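The values are calculated or read from the model by the stated rules, or taken from the named source; none is laboratory data. Here the structure is a predicted model, which means the values were calculated and not measured. Cβ coordinates were reconstructed from backbone atoms using ideal geometry, including for glycine residues, and neighbour counts include every protein chain displayed.
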Amino acid sequence: MEFLSETLTDEELATITGYKIPSCQRQWLASNHWEFVLTGAQRPVVGRVYARLKLAGVKPTANNAVAETWTLDLARVG
């Protein structure tokens, strides 16, 4: 099983913004009202759950941006 990082990769961010240059990515993210933080090298970092919500047209909030926890329910297994 492939492990996905909690943040978008450089390639994913370039795909979403259409830019590979970090300054252009920051400008696109800001003008499209995306939340992001900057690394020490001034590269934007976007959370994976946040990005999924934004791309789905859902306004991310503290309630819906939390990863849903689940438990294995074997009650109906016969």
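Scanning region 36-78 for residues that are in a loop (DSSP other than H, G, I, E, B), closer than 18 Å to GLU12 by Cβ and modelled with pLDDT of 95 or more returns PHE36, THR39, ALA41, ARG43, VAL46. Selection of region 1-36 for residues being among the polar types (S, T, N, Q) and surrounded by 14 or more Cβ atoms within 10 Å (Cβ to Cβ) yields THR7, THR17, GLN25, GLN27.
Of the residues making up region 20-33, not a single one is modelled with pLDDT of 95 or more and part of a strand (DSSP E or B). Can you tell me which residues in region 29-54 are more than 9 Å from the chain's Cα centre (by Cα) and touching a residue at least 12 places away in the same chain (Cβ under 8 Å)? Result: LEU29, TRP34, GLU35, LEU38, ALA41, GLN42, ARG43, PRO44.
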